[in-house]
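Below is one structure, written out as structure tokens, with a few remarks after it.
The values are calculated or read from the model by the stated rules, or taken from the named source; none is laboratory data. Please read all numbers here as calculations on a predicted model, not as lab measurements. Here the Cβ positions follow ideal geometry from the backbone for every residue, glycine too, while neighbour counts run over all protein chains shown. Remember, those area values only see protein heavy atoms, side chains included, never the ligands or the DNA or RNA. Shrake-Rupley method; radii C 1.70, N 1.55, O 1.52, S 1.80 Å.
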Amino acid sequence: MSRPLDWLRQVPQLPLTASGLTIASVSQSPWIDSLVMPAYCAVLSVTLLLTPAVGNALRKRKSSDGILESSAQAPPPLSFLRRRVESVGSVTIFLYRLLQLLSVLALLVLSVIVPLRDASQHTRIVGPFSAIDIVQTVLYVYLAILSSLAAFGRAKVVFRAFVHVSLILSVVWGVYMYRDVWPSATVDLAMADASEGALLWAKIGLLSFCGVFIPLFCPRNYVPVYPEDKLELHPEQTASLLSLLTYIYVEPLIWLAWRLPRLTYEMLPPLPEYDHLKNLVRRTFPRLDPMQNKSRRHLALDFISVFRIELLNLAAMSITAVLAAFAAPISINQLLSYLESDRQETHVRPWFWIALFFFGRVFKDISDQWFMYHQSRLSVRIQAIITELVFEHALRVRMKAETSDTSAATPSAVSTAVATPDNASQTGTDQGDEDSTEGTADHSATASSSTAVPPSAASSIKGKGKASSENESPAKKEAEPAKADEKRGNKHLVGKINNLVSSDLSNFENLGMFTVFITIESPFQVMLCILFLYQILGWSALVGFAAMIATLPLPGYVTKHIQGAQREKMKRTDARVQTVTEMMNVIRMVKLFGWEPRMAAQLDKKREEELVAVRRSKLLNLSINMCNYMIPVVIMLSTFFTYTVIMKQELTASRVFSAMSVFDMLRIDLQASFYIIPQLVQAKVSLERLSDFLRNTELIDEFDTDKDPEAAEILSNVAPEFKDAIGIRHASFTWSKDSAPSQTPGGTRRRAFVLSVDEELIFQKGKINLIIGATGAGKTSLLMALLGEMHYIPAGPDSFVNLPREGGVAYAAQESWVQNDTIRNNIIFGAPYDEVRYNQVLEQCALKRDLTLFDAGDQTEVGEKGITLSGGQKARITLARAVYSSAEVLLLDDILAALDVHTSKWIVDKCLKGELLQGRTIILVTHNVAMVSPVADFVVDMGSDGRILSQGSLASALERDSKLFKEVKEERAEIEKAEQEIAPEKPEDTEAKQSAGKLVVAEEMEDGHVGWSALKLYIGNMSKRPVLFWLIYMCGHITRHMISNIQTWYLGYWASQYETHATGEVQVGHYLTMYTLLVAAGMVASAFCVFYYVFGSIRSARIVHQRLVTSVLGTTLRWLDKTPTARIIARCTEDIQTLDNRIARATEVLVEMVVYTLLKMFAVILFSPIFIFPAIMVAVAGGVCGNVFMKAQLSVKREMSNSKAPVLSHFGAAIGGITSVRAYGAQEAFKRISYTRIDRCTRVSVTHQNLNRWVTARIDLVGTFFATSLAIYLTYISKMSASDTGFSLNMATAFSTIIFQVIRMFNEFEIAGTITLRGSNVPLERIQQYLCIEQEPKNTPEGVPPAYWPASGNLSVEKLSARYSEVCRHPRATRASYSQNVQDGPKVLQDISFEVASGERIGIVGRTGSGKPELLSGTLRQNLDPFSEHDDAVLNDALRSAGLFNLQNEEDQSRITLDTEIAGGGANLSVGQRQILALARAIVRRSKLLILDEATSAIDYETDSIIQTSLRTELGKDVTLLTVAHRLQTIMDADKIMVLDAGRIVEFGRPSELLKNEKGMLRALVDESGDREKLYAMAAGASAS
């Protein structure tokens, strides 16, 4: 058999052609001479340049007149050189181009001189100029012209000319390298142009300078695509080609980071123009946005079309990297063949193979880094685009309450009362913690001319499709699973949106790389591997290939089980995350109810279930790793067995070690494939989820017109006389298209709420219009119908709904929506600041006194969901936003519900009657009919069935609604005088006030490396004896990798036997058996390491989670106020997820790689002791590079995760107040803020990726130098055998390859490799910080009360003072600095003392406020009794006492029962219904002390009276009741009344006694009311009882 790779040796022997006589030509034709090849490239260049030039000339001719006119007004001309410099970009670029031009002219001169000299010396047979000489001269003339254009041409041609001349010169340089340099690497070839003598080397030197050096080192001039944006350039946009390929342009940032403690965001390079979101949107949205592209083809095809250039770049780099990867096995094969032949030189000298090894590795590294550059940039762009795409589409989506919509739901699954989209979307949406520094929104309330909206096709004019789907056959229902899936998908729409921009988005991170690998790189590499093995091992390679095909189903089978285990793990993780999220959303309720231990136990149970799935998933991953390890070994063994036993061939060292390199490539390829395929499946699922959201999610009718062919007709239904009217005619409204009312009485489909306007409802413009009705009647729904938030179902051809928006619309939601910003920014809402108008708004909305209570005034941050504000304050800020706006139409939803009578009276008198609202149309939903009726011009009375009882004057409404008449009569007793005048604010230091106004504390960001305490938190909890654990684990890895090294050596030892023995004498069976045993031993050691580590990591993850949950549950309420819920949830969800996966994996891989690297280095030194010094130098160089890199990377990584928080914060804020955003027409303003925040995140991500590329390129180069130097030593100095040389090269190659991976894993271990979506620090640090937060005093054995405690409801309070804020000292802060910068918050209770006897009922009158009812998603039973401690009878009694049964009919299909599904936060209930359920939950606890804080503020008066009666009669006699309320009727019959003012008790006693004090505050309130006698009677009755 011929020697392997003989085909390669023949390649250099291809005949060369030349113009002279040195080398014979294969043909007499000069046109195939190698010197003519550049001329063909020049012809192609001319064609490419002239084609667009001709087109431009023709276009310019048509517009020449305009150009002449504009040139007359041009600025004074610049100097010639100044114009040239500006054309090319800079002086440096101009000088480089000038040098290139001079070099080309010199080459032109040489192309003429050489033939003339040869002719004069009579060395030519023909004339002085041959055809080839003429071609070369013409070529250089053309190149001179191009060089001149590159230096002196116009701006439009200079760059193209430079590219063309540089490419052609590089081709010429390559030709001369082939003709005159390559022969020196061979034994029997001579230089083709040796006759030229010194002129030849002058020519080669000039070509190297102008064709290689200048193109590599010349900076680039970037011409902006959108120069009007005037963006700062990123260094990569002007970097030279060499700087771009080797990331030299990153070094200024690297060394800046080295000098400073930490990089800040402002220090990072600016974002390149092509990565700005605005430009990405211009490029991609025409194909990806469903509003712009109506195609229904697969979304993946749209992404491929949009990013085709990036994908083509990835494919090209993949192919070049694969080709370059084969330089190493080819070189090893040739070098070992040289050693096997006793160092007898063959056709090619050994140094060439060493050079090929070096440059092949360098070229592969460059290809890999360029691949990763394009991949990371593609990833950043995809994530930015998808985030913005989801955000903009979410602004069009109809938000619905998050409850189940399956046919299995009970008839009472949802009540008729519904929540606004604002309320529905707030639940489950966690805002971030960043300031809204960019402002909020402006008042561009002219998004559309009106809200005249079309219906869907399912509810056309003729009334088709109104019936529900239960009339369809079961078979037809089963035939539409997609619709059912869509309904189920809408159950948690807000959660789905958040998942799309978090977990689903992360699945797209490496989508481009994975796709190119599976479709192009992997098949191409496998094909080349098989071909290479066939060349050196013959047809035995085909046996190995067959073995690979035969074993592939095994990992596929295991992968199938892994996917099942992963799904189960994610299901259990979702369950834990859901529990954590709900716990944090009601954390204050948990703490007030004392449920911390029970919630911790519940979470521990969920966590244990999750960890069981985690363990199973990891053990299955162990199985797949064993398969990945075993399959290449099986391939190799089968190949070697066939080659030695069947083919009876010698297994030489050159064959063994070059084959091993290729088998390693196959192994890595297979491992990557089995890893990538599940990732692609996940990405496919996420892509389908994204597509479903973009194309199938229900939109509000304004954006749903394209799906309905009758939409245009419906839009034109508004008669001309009603174009400017505000109203509805002959129409019904539902909260979604699929929630049409059931037409089958008693059917299984739940009955959804329907708002019906049977006649015509026209509101009076420029007047105050009231919408009144009982709780759950649909008052809010009427506003939502006007705003277009509900689905419009016309009843006839004359139906319409219209809300003109030309003058602007403002909206104040029932549950006030505020952003995590200052009070002022929440009020002005992006509108221009007008101080006079602003102060008027503060006065009319009764906010001035509130601002005096805050140290920072209107610069006070309201906190997440307005946590620093009372309900009344939030309501008035929401009202102030609407009043401050310039909108002509104001929709106000129950703005007085959270206010006391004083403040409500002020709002009516000062605001509704004020000059700012004069002439503006007000549509006001309210329960305070008597108070607002004097200013009302038009009243709409809603019935309990969603229909209008009456419209017109209040008198007509009272005549038709006796219940309303009774309520108004009772309410008039609550109307009181305006609040007393308050004292002016004391002047204080502005800076101190501003600092005090900041509530949400920024996350701590550590400098430098992750501390030992954070690392110890994880690695120290692996075992009760962590030192012993890690000792055993390290020994396992040492054993495993020693066996691996011995396997490699043993193959070489086997091959060496053929050098000293005949082929028949080598005992092949013995060596195969021994090698198989070594493989088996390695597998056992590997399995032990993984198995042992899995159980240790599970134990550590369990303990860390327990400590985190315990710490969060044990913290103070004030800390919870200062810390956004989203941040806490991120600790318990994303960071714990990172701990389970990436930190655990990073720790494992780090240990493995360190041991692997040390043993590889030891093996090299063992055979070549002299290389201990280069090895140490390489390790030190790698460590230095890594250390310098990590100093910058840790800062950037922290900034990156910190930059994610504002994106999610803005996302959550917009979705949380989606109705308000759409009502104000502020979508564009919110999009602009989104652009800014996503660009910030992208800017940091780009820097992060560039830093990775910088360090990778340098450490790879260091490793390549090490392996190459060893190859030189082993080839020319050492006298080792071929097998030992192959073993050393194998170890050195592995060592040099793995160095960067070790450095990277150190970095991965420190920063945990996460790009988290919220928060600002790496996970271990962040978790560690939350273990050190302030804690409530812990229980002590001495403080444990007896089991019967409390035996009574006696309450004694002595000198109690309280404030909202307290000292929160950073552990590193000094006392002096702390006392200067941090102040205590004001006292809200000041030294109050009182006693309450058991069973007494105390009424408390204080400032405005509204109780927050907090409800969990699940059934009503689960909300009332989350730990299943009571039976249904007890729960129903509590509901009855809370007044629920008085709101609904027992025969009503939509009544609320214990099985009713409650959406997260109670989003599918009205505010009043939520308060009733929260009250019932408090009653169920049967506590000795019951505190009701504005528990009935949003409930109508009749229901409130029933509730108070129930509380008086049904609570135990020993239950002490404290009731905070602003309705005097609610508390007037209490045993005692406490009157608070400015945090002090001003009155406390029996009502009858307090009323005797003529100067008393309670007496004044009662005397000024409209129902004085009734209140006196109630007080007298209370005293008598």
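Values as computed for the structure displayed
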{"quantity": "Three-way shape call for the range 1101-1182 based on the alpha-carbon gyration tensor, with the a/c threshold at 1.5", "calculated": "prolate"}
{"quantity": "Amide H contacts under 5 Å for residue 949, placed H, 5+ residues apart", "calculated": "941, 942, 943"}
{"quantity": "Solvent-accessible ranking of 1513, 868, 1460, largest area first, probe 1.4 Å", "calculated": "1513, 868, 1460"}
{"quantity": "Global geometry of the range 1051-1143, whether rounded, prolate or oblate, following the gyration tensor of its Cα atoms and the 1.5 cut on a/c", "calculated": "prolate"}
{"quantity": "When each of 571/618; 723/765; 591/1488; 571/605; 1387/1488; 605/1488 is checked by Cα-Cα distance, pairs over 22 Å", "calculated": "1387/1488; 605/1488"}
{"quantity": "Efficiency of FRET from Cβ geometry, residue 256 and residue 83, R₀ 51 Å, rounded to 0.05", "calculated": "0.90"}
{"quantity": "Accessible-area value, residue 842, 1.4 Å probe, nucleic acids and ligands omitted, Å²", "calculated": "10"}
{"quantity": "5 angstrom amide H check on residue 803, placed H, neighbours 5+ away", "calculated": "451, 452"}
{"quantity": "The range 759-889: C-alpha gyration tensor shape, a/c 1.5 cut-off, then a/b vs b/c", "calculated": "prolate"}
{"quantity": "Sparsely packed GluC sites (Glu not before Pro) within the range 180-252, loop by DSSP, other Cβ within 10 Å at most 12", "calculated": "232"}
{"quantity": "Accessible-area order (highest first, 1.4 angstrom probe) of the listed residues 702, 915", "calculated": "915, 702"}
{"quantity": "Separation of the residue 109 and residue 230 label points, Cα + 7 Å toward Cβ, nm", "calculated": "4.8"}
{"quantity": "For residue 821, residues with placed amide H under 5 Å, excluding near neighbours", "calculated": "862, 863"}
{"quantity": "Inverse of mean 1/r across different Cα pairs in the range 1121-1265, Kirkwood, Å", "calculated": "19.3"}
{"quantity": "Rounded accessible area of residue 349 (nearest 10 Å², 1.4 Å probe)", "calculated": "70"}
{"quantity": "Among the listed pairs 1122/1231; 278/848; 496/1016; 1122/1197, those beyond 30 Å (Cα-Cα)", "calculated": "278/848; 496/1016"}
{"quantity": "Percent of C-alpha pairs per 5 Å bin, the range 571-646, short to long", "calculated": "3, 13, 14, 12, 9, 8, 7, 6, 6, 5, 5, 4, 3, 2, 2, 1, 0"}
{"quantity": "³J(HN,Hα), Karplus 6.51/-1.76/1.60, whole Hz, each residue of the range 144-154, x for Gly, Pro", "calculated": "5, 4, 4, 5, 5, 5, 5, 9, 10, x, 6"}
{"quantity": "32 Å Cα-Cα threshold exceeded, pairs from 779/1574; 1338/1359; 156/294", "calculated": "156/294"}
{"quantity": "Separation in nanometres of the label points that stand 7 Å from Cα toward Cβ, at residue 550 and residue 524", "calculated": "3.2"}
{"quantity": "Cα-based equivalent ellipsoid, the range 1209-1264: semi-axes from gyration tensor eigenvalues, Å", "calculated": "42, 9, 5"}
{"quantity": "Karplus (6.51, -1.76, 1.60) ³J(HN,Hα), θ = phi - 60°, over the range 524-536, in Hz, Gly and Pro reported as x", "calculated": "5, 5, 4, 4, 5, 4, 5, 4, 5, 5, 5, 5, 9"}
